[in-house]
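K.L.:
A single structure is presented below for examination.
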Amino acid sequence: MAQRLKEVDVVVIGVGMVGSILAKELAAAGYKVVGLERGTTRFTVPEFQSPGIHDELRFDVRKALMQDNTREPVTFRNHSSETGLPIRRWESFLPGTGLGGSMVHWNGQTFRFQANDFQLATRTRERYGKGFLDPDLTIQDWGVTYDELEPHYDRFEYLLGTSGKAGNLKGQIQPGGDPHESPRSRDYPTPPQKEHYSGALFRKAASSLGHHPFPQPSSNLSQPYTNPEGLKMNTCVFCGFCERYACEHYAKSTPQTFILPVLLANSNFELRTGCQVQRINLDSSKKRATGVTYIDNAGRELEQPASLVITCLFAINNIRMLLLSGIGKPYDPATGKGVVGRNYAYQTMSTVASFFDADVIINPFMASGASGTMINDFAGDNFDHSGLGFIGGAFIGAVNTNGRPIQYHPTPPGTPTWGKGWKDAVVKHYNHTVMFSLHGSSVSQKQNYADLDPTYKDAWGQPLLRITFDFPKNDLKMAEYVTARGVEIGKAMGAKQVAGSPRKGPYTTQQYQTTHNTGGTVMGNDPSTSVVNRYLQSWDVPNVFVIGASAYPQNASWNPTGTLGALTYWVADALKSKYLKNPGHLVSP
Amino acid sequence: MKYVLATLIVLGASGAAGAGTPPPEAATCQACHGVHGEGVLDGGKPRLAGQSAHYLDKQLRDFASGARDNAIMGAIAKGLNDQTRSKLVEFYASLPVPVPLEHTSATAAQVGRGHQLAIEGAEGKRVQACNNCHGPDGSGVALSAPALAGQLATYLAAQLKSWQQGGRKNDAGNLMSSVASKLDDADIAAVSSYYAGLSASTSASH
């Protein structure tokens, strides 16, 4: 029998990026907030300090910062005709755990989506006609527009101190920035990071082909910065240990650097770690949440009553929390009915490797996770798709994030995969190769979804989440097309050999691609095709909000974090200015 | 209780073997930095011996250009041509790191605080460990950060104050001014005496 605790105003499930920002906003507004984090506390000092934090075996190979999949894995299959199996070793995507969440181990690539992305279904129909899309695709509009989110993007970037160069200031195109970006109200808070040599080679080649290179927006800061919360951050030293690691320098923006000290100092907030939330509890009407039930590290079952429950978990865990709690109708791919788990999407990653002779010295180890140079000329709908047979695109960039010795060893096609031939090739090419990342969009389609696994359970006896996913044909075509554009840039750089690797199916969990899992608790204006409304409020249980990249109806050509930050502040505003003054549906279902 | 960081290690034979004959141009340096580049307590003239060639070269260039402001060193550095500067820099980088000059008087608490700042940092002040950049035991990282171990405490403290107050700013990304601005006088005294007391057994130029 669960022990019942004293009721609070708000329970936040998961104290990562979203949870810590929202909790801070609500605690500062006077509400009693409890944050439930399944992992441990951790701070820049002492947990993230050198030399321990640069342990590539521990963090890169053994994934020390990730969700414990000995206790809580995810099952996976490509098609609904198959049996899902648990992912026992994270490879293809890496959900984090612990205070600060997955953002602790991010690369700092901080993008906005474009205005077009938020109205993808409408705009695609307008530009290319009704019959253009594969009928299996389930892309849809977000229910919120870029213009509505712009102030919140701005606030998020200034919270993080993001380093970049504006390309479009209030409609005025700015030289040196991204001319394709949607209008921003002001420039980035700090100037771009220094360009590494592979970026310089890319810039020259891309310009020669008529493209528009610009510095990648980075939340590994280019200079010291004090954010609006009064927290000071340092300059990045280009150590090349961002993604999969935590930053030892207070230079990569994470909740530890930009918000947690302020949140933890607020007496309206209580952090509880080691709390595995089992479900959101509903009253007998199933239309109102009464709080949550969790199991703490001592194995005790506790019930935390609350007036408002906000689930701020990593995308796929948000889906699972709703399914475990019986909130919203689960999606059924056979009928197309139901919404929870629907429109699970991802990111379509391709690469281009350009191999030079020994006289071109790249020094790939001098890098930050976002110090690239890139183009958006083939991203989103920035080029004409007529006759191409697909929608979407990818940013192409020399996004050299590291040269770490165990994991970074580019070799040309045809190189043996082990033994002397492989070793010789690694030595020959390590310092003379430029890698492009082609960061592609991902459309949602009927066959891809998430539900509860019928067989496998976690350490607490709860069903695991099961993902059913393979790359839509649309996205494989897109990858082919965009990779060919990347190869052209590699050749224009003067490389001796250029190897393009467009993403191919089937999707595999065995190879790292990206941790940009999206969808499953999609936002929108129609309750029959969305789980939450435009304020990320559950259509079925209005005192539950679901915030994460799980809200994206499909995924765009850029890293999802910037948009999630904007949505977080968008919801914080709606909660403070509307919901908490008059709890109820913010949009009539 | 006073805790004296005693000088226990004499100049090692292995170190002495690497020492070359000073080039004639080194006479100017020796006048202030000691015959063996070991530094001079009076006036806090820093140790040069065993410092990385890259670091010494950059400092001399910065003195010459004014990027690092020092009237005496500026005048001297301006007088060096590339060949002489390179010769001097290589010579001092090749010298064995001497034993600590100072018998630093520091309390156990000071040493403890200095050690903590060096290896761990201070979350409350948002200061990361010095050794993150300056290498294990402050032994330096050849192309990016100078050795601190065995450096004079008076020199280290003066430099930290200078970074803090904006007198010195010739680093990449204003890193040192951000760090120094978060330290108080007690922190500066503690961390300076901690590094001064290290025997600097490893050379930055390895």
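The values are calculated or read from the model by the stated rules, or taken from the named source; none is laboratory data. Since we're looking at a predicted model, the values are computed, not measured. Cβ sites come from the backbone with ideal geometry, for glycine too, and all protein chains shown count toward neighbours.
K.L.:
Restricting to segment A:142-179, name every residue that is of a type outside the set (A, V, I, L, M, F, W, C), touching a helix residue (DSSP H, G or I) at 6+ places or on another chain (Cβ under 9 Å) and within 26 Å of A:ASN107 (Cα to Cα).
P.N.:
A:TYR146, A:GLU150, A:PRO151, A:HIS152, A:TYR153, A:ASP154, A:ARG155, A:GLU157, A:GLY161, A:THR162, A:GLY164
K.L.:
All but one of (1) more than 30 Å from B:ASN132 (Cα to Cα); (2) in contact with a Lys or Arg (Cβ under 9 Å, 6 or more places away or on another chain) hold for A:MET66, so report the exception by its number.
P.N.:
(1)
K.L.:
Of all residues in segment A:227-256, which are at the interface with another protein chain (Cβ under 9 Å from one of its Cβ atoms) and among the small types (Gly, Ala, Ser)?
P.N.:
A:ALA251
K.L.:
Between a residue in segment A:573-589 that is in a helix (DSSP H, G or I) and any residue that is surrounded by 14 or more Cβ atoms within 10 Å (Cβ to Cβ) and not aliphatic (A, V, I, L, M), which pairs come within a Cβ distance under 6 Å, given they are 6 or more apart or on different chains?
P.N.:
Correct list of pairs: A:ALA574/A:TYR535.
K.L.:
A further question follows. Out of A:GLU72, A:GLU47, report the one residue that is in contact (Cβ under 8 Å) with a residue 12 or more places away in the chain, within 14 Å of another protein chain (Cβ to nearest Cβ) and charged (D, E, K, R). Step through it out loud before you land on a result.
P.N.:
Details: A:GLU72 fails: within 14 Å of another protein chain (Cβ to nearest Cβ).
Step by step, each of A:GLU72, A:GLU47 is checked, and only A:GLU47 is in contact (Cβ under 8 Å) with a residue 12 or more places away in the chain, within 14 Å of another protein chain (Cβ to nearest Cβ) and charged (D, E, K, R).
K.L.:
Further, regarding this structure: Can you confirm whether segment A:89-108 contains a residue that is among the acidic types (Asp, Glu) and free of Cβ contacts under 8 Å to residues at least 60 places away in the same chain?
P.N.:
No, segment A:89-108 contains no residue that is among the acidic types (Asp, Glu) and free of Cβ contacts under 8 Å to residues at least 60 places away in the same chain.
K.L.:
Looking at B:LEU148 and the list (1) within 13 Å of the chain's Cα centre (by Cα); (2) within 14 Å of another protein chain (Cβ to nearest Cβ), which single condition is not satisfied?
P.N.:
(2)
K.L.:
Restricted to segment B:180-198, and to residues that are farther than 14 Å from B:ALA108 by Cα and surrounded by fewer than 24 Cβ atoms within 10 Å (Cβ to Cβ), which residue is nearest to the chain's Cα centre (by Cα)?
P.N.:
Across segment B:180-198, the extreme among qualifying residues is B:LEU198.
K.L.:
May I pose another question? For the condition in a helix (DSSP H, G or I), at pLDDT 95 or above and exposed (fewer than 15 other Cβ atoms within 10 Å of the Cβ), what is the one hit in B:GLN83, B:GLN59?
P.N.:
B:GLN83
K.L.:
Please list, ordered by first then second residue, the pairs with beta carbon atoms under 6 Å, 6 or more apart or interchain, first in segment A:530-541 and at positive phi, second buried (at least 24 other Cβ atoms within 10 Å of the Cβ).
P.N.:
As it stands, the answer is A:LEU536/A:MET523; A:LEU536/A:PHE545; A:LEU536/A:VAL546; A:LEU536/A:ILE547; A:LEU536/A:ALA551; A:LEU536/A:VAL571, since those pairs meet every condition given.
K.L.:
Can you run down the residue pairs with Cβ atoms below 8 Å, 6 or more apart or on separate chains, where the first is in segment A:162-173 and of a type in the set (A, V, I, L, M, F, W, C) and the partner is assigned to a strand (DSSP E or B)?
P.N.:
Cβ pairs passing all conditions: A:ALA166/A:ARG184; A:LEU169/A:ARG184.
K.L.:
State whether one or more residues within segment A:378-394 are under 24 Å from A:THR110 (Cβ atoms), in a strand (DSSP E or B) and hydrophobic (A, V, I, L, M, F, W, C). Please lay out each step first, then the result.
P.N.:
Here is the first cut: in segment A:378-394, the residues under 24 Å from A:THR110 (Cβ atoms) are A:378-383, A:392-394.
Going one step further and asking which of them are in a strand (DSSP E or B), we end up with A:394.
Now restrict to residues that are hydrophobic (A, V, I, L, M, F, W, C): A:394.
Yes.
K.L.:
Out of the helices (runs of 4 or more DSSP H) lying entirely within segment A:192-298, which hold 1 or more residues that are closer than 28 Å to A:GLU181 by Cβ?
P.N.:
Per the criteria, A:197-208, A:255-258.
K.L.:
Among (1) in a loop (DSSP other than H, G, I, E, B); (2) at pLDDT 95 or above, where does A:ASN400 come up short?
P.N.:
Here A:ASN400 meets the rest and fails (2).
K.L.:
State whether one or more residues within segment B:160-170 are in contact with a Gly (Cβ under 8 Å, 6 or more places away or on another chain), of a type in the set (S, T, N, Q) and away from chain A (no Cβ under 12 Å).
P.N.:
The answer is no; no qualifying residue exists.
K.L.:
Take the residues in segment A:202-237 that are surrounded by 24 or more Cβ atoms within 10 Å (Cβ to Cβ) and within 17 Å of A:LYS491 (Cβ to Cβ); name whichever of them is farthest from the chain's Cα centre (by Cα).
P.N.:
Per the criteria, the residue is A:ALA206.
K.L.:
Quick check on my filter: what residues within segment A:330-347 are out of contact with any Pro (no Cβ under 9 Å at 6 or more places or on another chain) and not hydrophobic (A, V, I, L, M, F, W, C)?
P.N.:
Pass one, segment A:330-347, residues out of contact with any Pro (no Cβ under 9 Å at 6 or more places or on another chain): A:330-337, A:344, A:346.
Once the filter is applied, which keeps residues that are out of contact with any Pro (no Cβ under 9 Å at 6 or more places or on another chain) and not hydrophobic (A, V, I, L, M, F, W, C), segment A:330-347 yields A:PRO330, A:TYR331, A:ASP332, A:PRO333, A:THR335, A:GLY336, A:LYS337, A:TYR344, A:TYR346.
K.L.:
Scan segment A:26-52 for residues that are assigned to a helix (DSSP H, G or I) and buried (at least 20 other Cβ atoms within 10 Å of the Cβ) and report the count.
P.N.:
Kept after step one, since they are assigned to a helix (DSSP H, G or I), are these residues of segment A:26-52: A:26-28, A:52.
Applying the additional criterion that residues be buried (at least 20 other Cβ atoms within 10 Å of the Cβ) yields A:26-27.
Going through segment A:26-52 one residue at a time, the tally reaches 2.
K.L.:
Looking at the structure I just gave you, is B:LEU156 at pLDDT below 95, more than 13 Å from chain A (Cβ to nearest Cβ) and touching a helix residue (DSSP H, G or I) at 6+ places or on another chain (Cβ under 9 Å)? If you could, list the steps in order and put the result at the bottom.
P.N.:
Details: at pLDDT below 95: no; more than 13 Å from chain A (Cβ to nearest Cβ): yes; touching a helix residue (DSSP H, G or I) at 6+ places or on another chain (Cβ under 9 Å): yes.
No; evaluated as a whole, the condition is false for this residue.
K.L.:
Restricting attention to segment B:103-127, which residues are crowded, with 20+ Cβ neighbours inside 10 Å, in contact (Cβ under 8 Å) with a residue 40 or more places away in the chain, within 22 Å of the chain's Cα centre (by Cα) and within 14 Å of another protein chain (Cβ to nearest Cβ)?
P.N.:
B:ARG113, B:LEU117, B:ALA118, B:VAL127
K.L.:
Could you please find all residues in segment A:477-505 being farther than 27 Å from A:SER92 by Cβ and within 23 Å of the chain's Cα centre (by Cα)? Steps first, please.
P.N.:
Applying the first criterion (farther than 27 Å from A:SER92 by Cβ) to segment A:477-505 yields A:488, A:491-497.
Within segment A:477-505, no residue meets the criteria.
K.L.:
Looking at segment A:436-476, which of its residues are in a strand (DSSP E or B) and either surrounded by fewer than 19 Cβ atoms within 10 Å (Cβ to Cβ) or basic (Lys, Arg) (or both)?
P.N.:
Result: A:PRO454, A:THR455, A:TYR456, A:LYS457, A:PRO463, A:ARG466.
K.L.:
Quick check on my filter: what residues within segment A:1-20 are buried (at least 24 other Cβ atoms within 10 Å of the Cβ) and either of a type in the set (A, V, I, L, M) or not in a loop (DSSP other than H, G, I, E, B) (or both)?
P.N.:
Within segment A:1-20, A:VAL10, A:VAL11, A:VAL12, A:ILE13, A:VAL15, A:MET17, A:VAL18, A:GLY19, A:SER20 meet the criteria.
K.L.:
Another question, if that's okay. Looking at segment A:229-248, which of its residues are at positive phi and touching a helix residue (DSSP H, G or I) at 6+ places or on another chain (Cβ under 6 Å)?
P.N.:
Residues of segment A:229-248 that are at positive phi, as a first pass: A:230, A:238, A:240, A:244.
Once the filter is applied, which keeps residues that are at positive phi and touching a helix residue (DSSP H, G or I) at 6+ places or on another chain (Cβ under 6 Å), segment A:229-248 yields only A:ARG244.
K.L.:
Here's a check for you: in segment B:45-76, which residue that is hydroxyl-bearing (Ser, Thr, Tyr) and in contact with a Leu (Cβ under 9 Å, 6 or more places away or on another chain) is nearest to B:VAL99 (Cα to Cα)?
P.N.:
B:SER52
K.L.:
Pairs only if they're at least six apart or on different chains, beta carbon under 8 angstrom, first in segment B:174-197 and free of Cβ contacts under 8 Å to residues at least 40 places away in the same chain, second among the small types (Gly, Ala, Ser) and assigned to a helix (DSSP H, G or I); list them, first residue then second.
P.N.:
These pairs meet every condition: B:ILE188/B:ALA157; B:ILE188/B:ALA180.
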